Amino acid sequence: MRTILLIAGKDLRQRLRDRSLLLLAFVVPFGLAAVFSVVFRDVDAQQPVTFAVADLDRGPIATTFTGRVLRPLEQAGVVRLRGADDETMARAIVDGGQAQAAYVIPTGFSQAVQTRHKATIRVIGDVNDRIGAFVARSIADSFASDVRYVQVALAAKGGGTPEQAAAVPPPVTVADLTADRRQLTLAEGFQAGIAVFFLFFAVQFGFSSILDERRDGTLARLLAAPVPRLTIALAKLLTGVVVGVVSMTVLLAASSLLLGADWGAPVGLGLLIVAGVLAANGVMALVVTVARTAEQAGNAETVAAMLLGVLGGVLVPIQQTGGALATLSLVTPHRWFMRGLADLHGANAPVVPLVPVLALLGFAVVTLGLALSRTERMFRL
């Protein structure tokens, strides 16, 4: 063990003098994360839509719509309401981009409903904001369904007041349940994605240093010492693990303190980082074993890191597209690391994201085992 620590310590001191490691492991990923955080801050936050309301009727049914349907939504921060004197003014507000939609309740609306005649609420939507118009239409459709329910209830009772009909319990109710866990925000997704993307570049300085030492002529002197080759390989892997853990810890801690990210329980986050770093080291070590020279190893590692990053969805959200690509992304450590962070997110999240951690450890066991079984060819001088 002492020999492993000595070799790893020597490599770490050597790498710290190499500014490229500091750039790839800390400066560049945090800089990009900060830029994306500023660009995408609050992009996925719920923004209230604005509706104009022209109540030309002011009867009891119209007042029910504006006072018991729209006002509670305004108080909850879902919508903002603007008054309009008539339909012309309501249309002008929508056309001017000051509201996404407008409601026009015509004169005689309440009387038509109470006498079971045709009644209409006009919904004017902005052609350039179909989502806002759809929300306005959905609210009006829901109110129309409630009115229809009251009319049917009155008919079934053989008469009565609307209040009596409304007191009849509905045949079907919808329960609003809050999800136990929520996904990462867009800004947090980019911060975590960039961190794990550059992790695969940072750890490549570990195992591939065997080829660097062979190129520089220092591997022969290392092999001449009474040190098993497996010990040398493990020391090189330890270098990559230390660099990876420090890099991920610093980046995620900095994004939490400086950029406002929330990564969940520290225990679960720590286990996820360690599992992710081990998987990254295993993958990159396996890639190194197929190269003959240090230059080939560097090129192969760069290509592998780029392809796995894109396929894992850290730069482009492939998992949201569905289909074969979303399924294929499950063969990358990136996807499981991001899934683990998402599982840790929210008030009722587990302390440890067990499935992602086990998946990452599975990547590590398989790839590290294959890499260590192929190291003999790397020690040939």
Inter-probe distance in nm under a simple model that places probes 7 Å from Cα toward Cβ, at L258 and L370: 3.7
Estimated distance in nm for a label pair at L230 and Q114, the labels positioned 7 Å out from Cα along Cα-to-Cβ: 9.1
Additional length obtainable on full extension of the chain from R380 to Q47, 0.36 nm per residue less Cα span: 113.6 nm
Accessible-area value, D95, 1.4 Å probe, nucleic acids and ligands omitted, Å²: 130
Karplus-derived HN-Hα couplings along region 104-113 (A = 6.51, B = -1.76, C = 1.60, θ = phi - 60°), whole Hz, x at Gly and Pro: 10, 9, x, 4, x, 4, 5, 5, 5, 5
Charge context of T88, other residues only, Cβ under 14 angstrom, K/R +1, D/E -1: -2
Structure-based [θ]222 nm, the chain - -39500 (n - 2.57) summed over DSSP H runs of at least 4, per residue, nearest 500: -19000 deg cm²/dmol
Local electrostatic count at Q98 - Lys and Arg +1, Asp and Glu -1, tallied over other residues with Cβ under 11 Å: 0
Antiparallel DSSP beta bridges within region 1-138, as percent of all bridges there, nearest 5: 30
Antiparallel DSSP beta bridges within the chain, as percent of all bridges there, nearest 5: 30
Helix 229-259 vs. the chain, principal-axis angle (Cα, 0 to 90°, nearest 10): 30
With every protein chain in place, region 30-124: carbon and sulfur % of accessible area (1.4 Å): 51
FRET efficiency for T218 and V310, using Cβ-Cβ distance with R0 set to 41 Å, rounded to 0.05: 0.70
Dipole of the chain, positive direction: furthest Cα of A192, L12, A99, with charges on the beta-carbon: L12
Accessible-area value, E376, 1.4 Å probe, nucleic acids and ligands omitted, Å²: 100
Heavy atoms of R377 accessible to a 1.4 Å probe, total area in Å² rounded to 10: 70
Using θ = phi - 60° and Karplus 6.51 cos²θ - 1.76 cosθ + 1.60, couplings along region 138-143 (whole Hz; Gly, Pro as x): 5, 5, 5, 5, 5, 5
Cα centroid of region 336-360 to Cα centroid of region 65-93, whole Å: 42
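Stretched out fully, how many nm does the piece from V35 to R122 gain, at 0.36 nm a residue minus the Cα gap?
26.9 nm
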Over the chain, relative contact order from alpha-carbon pairs under 8 Å, at least 6 apart, %: 19
Residues with amide H under 5 Å from that of R80, placed H, sequence gap 5 or more: V49, T50, F51
Hz values of 3J(HN,Hα) by residue in region 287-297 - Karplus curve (6.51, -1.76, 1.60), Gly and Pro given as x: 5, 4, 5, 8, 8, 9, 10, 5, 5, 4, 5
Helix 186-202 axis, angle to the chain major axis (alpha carbon atoms, nearest 10°): 10
Estimated dipole of the chain in Debye, rounded to 20 [Cβ of Lys and Arg +1, of Asp and Glu -1, Cα centre]: 1340
Probe 1.4 Å, accessible area per residue of region 201-288, Å²: 36
Answer label for semi-axes √(5λ) of the Cα gyration tensor in Å (calculated), chosen among (i) 33, 26, 19; (ii) 40, 21, 19; (iii) 64, 20, 16: (iii)
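The values are calculated or read from the model by the stated rules, or taken from the named source; none is laboratory data. Predicted model, so just to flag it, every value in this text is computed and none were measured. Here the Cβ is made from the backbone with ideal geometry for all residues, glycine too, and neighbour counts use every protein chain on show. Surface accessibility is based on the protein's heavy atoms, side chains included, excluding ligands, DNA and RNA. Shrake-Rupley method; radii C 1.70, N 1.55, O 1.52, S 1.80 Å.
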